[in-house]
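Enquirer: Below you will find the structure I want to go over with you.
The values are calculated or read from the model by the stated rules, or taken from the named source; none is laboratory data. Remember, it's a predicted structure, so these values are computed and weren't measured experimentally. Note: ideal-geometry Cβ built from the backbone for every residue, glycine included; neighbour counts use all protein chains shown. Heavy atoms of the whole protein, side chains included, go into the accessibility calculation; ligands, DNA and RNA do not. Shrake-Rupley method; radii C 1.70, N 1.55, O 1.52, S 1.80 Å.
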Amino acid sequence: MNEVYEKLQTCMESVRKETDFQPEVALILGSGLGDYADTEVKVEKAIPYSKIQQFPTSTVPGHKGQFVFGYVGDVPVVVMQGRVHYYEGYPMTDVVLPTRLMGSLGAKKLVLTNAAGGVNYHFRPGDFMLIADHITTAIPNPLIGANIDELGVRFPDMSEAYSLRMRDIIKKVAMDMGIYLREGVYAQLTGPTYETPAEIRMIRSWGADAVGMSTACETIAARHMGMEVCGISCITNLAAGMTREKLSHKEVQETADRVAKQFKQLVTGVIENI
Ligand code: HPA
């Protein structure tokens, strides 16, 4: 058996020893949403990553590192509290393993959230951006290596990576809540350095509106296995070179925390309506 697939099966067995919960929607929490499950989810079961055999454990401070199973309204969800980033040193196949795991557990839909730098000059810190498309040219593709035929095809189509159906619903949900939603293209770079001003000019010329260090690789893995995907970025700062300010994780965290309440409200509305 393919060793990436074998690892996925091992993780599945670990989880299934703990719970037989059947999620419909998978949710990955980005910066600022870390405590989403504490307030918005009727929790049935939490499984720390450390309890899952062979699972990559997150090293980012402020990321809790567990799966939470429960209900948002009436919707059965699995929430990834603390994602795995490529810059932590894991191979891309490990970075997307949690996504594949949540898909294998039965989640047909994936809601992605993150903190991102604004590349589009119209954006302001605290804005929300619905992800319309992504650019992953600057990171290794998570599907590189032998194809896992059990999950999907060798050459997956990416012409609608982010579901048009979900995007239409999300725009309506945001409008009904009075939340102003931007829409744009998310570019994933590896991090952990923030970008240089020259790199930001480059990705702007490529067509990016926001930049970050996660998410798009998860979309690829999810689409490969046929999940329907949507994503929302919290624009926490303007990207490098766009202001005189230096970039810091503190600023990212502060903005994310400032708008966290609204972000949580939006995500709950999204889950209940998609
Ligand atoms: N660049 C990359 N990742 C980020 C940024 C940024 O400016 N802000 C939040 N995450």
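Enquirer: List the pair-distance distribution P(r) of region 1-71, using every Cα-Cα distance, as the percent of pairs falling in each 10 Å bin from 0 up to the bin containing the longest distance, rounded to whole percents.
Expert: In whole percents, the pair-distance histogram is 17, 47, 31, 4, 0.
Enquirer: Cα centroid distance between region 68-101 and region 220-270, in Å?
Expert: Taking the Cα centre of each part, region 68-101 and region 220-270 sit 16 Å apart.
Enquirer: Given contacts defined as C-alpha pairs under 8 Å and at least six residues apart, what's the relative contact order of region 178-274, whole-number percent?
Expert: Dividing the mean separation by the residue count of region 178-274 yields 28 percent.
Enquirer: Quickly work out the Val153-to-Arg124 label distance, labels modelled 7 Å from Cα along the C-beta direction, and quote it in nm with one decimal.
Expert: 4.5 nm
Enquirer: For Lys172, go through the lysines and keep the ones whose alpha-carbon is under 30 Å away, minus same-chain ones fewer than eight residues off.
Expert: Lys42, Lys108, Lys109, Lys261, Lys264
Enquirer: So how tilted is helix 3-18 from the main axis of the chain? Cα-based, degrees 0 to 90, rounded to 10.
Expert: Approximately 70 degrees, to the nearest 10.
Enquirer: If contacts are Cα pairs under 8 angstrom and at least 6 residues apart, what is the relative contact order of the chain in percent?
Expert: On the way: 543 pairs, mean separation 69.3, N = 274.
The normalised contact order for the chain reaches 25 percent.
Enquirer: Pull out the extension gain between Lys171 and Trp206, defined as 0.36 nm times the separation in residues minus the alpha carbon to alpha carbon distance; nm, one decimal. Don't skip to the end; give the middle numbers.
Expert: Details: separation 35, 0.36 × 35 = 12.60 nm, distance 2.49 nm.
Extra length available between Lys171 and Trp206 comes to 10.1 nm.
Enquirer: What chymotrypsin sites (Phe, Trp or Tyr not before Pro) does region 67-144 have in DSSP loop regions with at most 11 other beta carbons within 10 Å? Walk me through the numbers on the way to the answer.
Expert: Numbers: sites: Phe67, Phe69, Tyr71, Tyr86, Tyr87, Tyr121, Phe123, Phe128; in loops: Tyr121, Phe123.
Sites meeting the loop and neighbour criteria: Tyr121.
Enquirer: Beyond 18 Å, what percent of the Cα pairs of region 142-271 remain?
Expert: 63 percent
Enquirer: Report, to the nearest whole %, how much of the accessible area of the chain belongs to carbon and sulfur atoms, 1.4 Å probe, protein only.
Expert: 50 percent
Enquirer: Residue by residue through region 136-152, what is 3J(HN,Hα) from phi via Karplus (6.51 cos²θ - 1.76 cosθ + 1.60, θ = phi - 60°)? Round to whole Hz and write x for glycine and proline.
Expert: 10, 3, 9, 10, x, 6, x, 8, 5, x, 3, 5, 8, 4, 5, 9, x
Enquirer: Once a ≥ b ≥ c are taken as the square roots of the eigenvalues of the Cα gyration tensor of region 22-158, is the result rounded (a/c under 1.5), prolate (a/b larger than b/c) or oblate (a/b not larger than b/c)?
Expert: Note, shape of region 22-158 comes out rounded.
Enquirer: Return the loop-located trypsin sites (Lys or Arg not before Pro) in region 186-274 (DSSP other than H, G, I, E, B) with at most 14 other Cβ atoms within 10 Å of their own Cβ; answer none if there are none.
Expert: For trypsin sites (Lys or Arg not before Pro) across region 186-274 that sit outside H, G, I, E and B with at most 14 neighbouring Cβ atoms in 10 Å, the list reads Arg244, Lys246.
Enquirer: How much accessible area per residue does the chain have, in Å², with a 1.4 Å probe?
Expert: 43 Å²
Enquirer: When the Kirkwood hydrodynamic radius is evaluated over all pairs of different C-alpha atoms of the chain, what value in angstrom, to one decimal, is obtained?
Expert: On the way: mean 1/r = 0.0539 Å⁻¹.
So the Kirkwood estimate lands at 18.6 Å.
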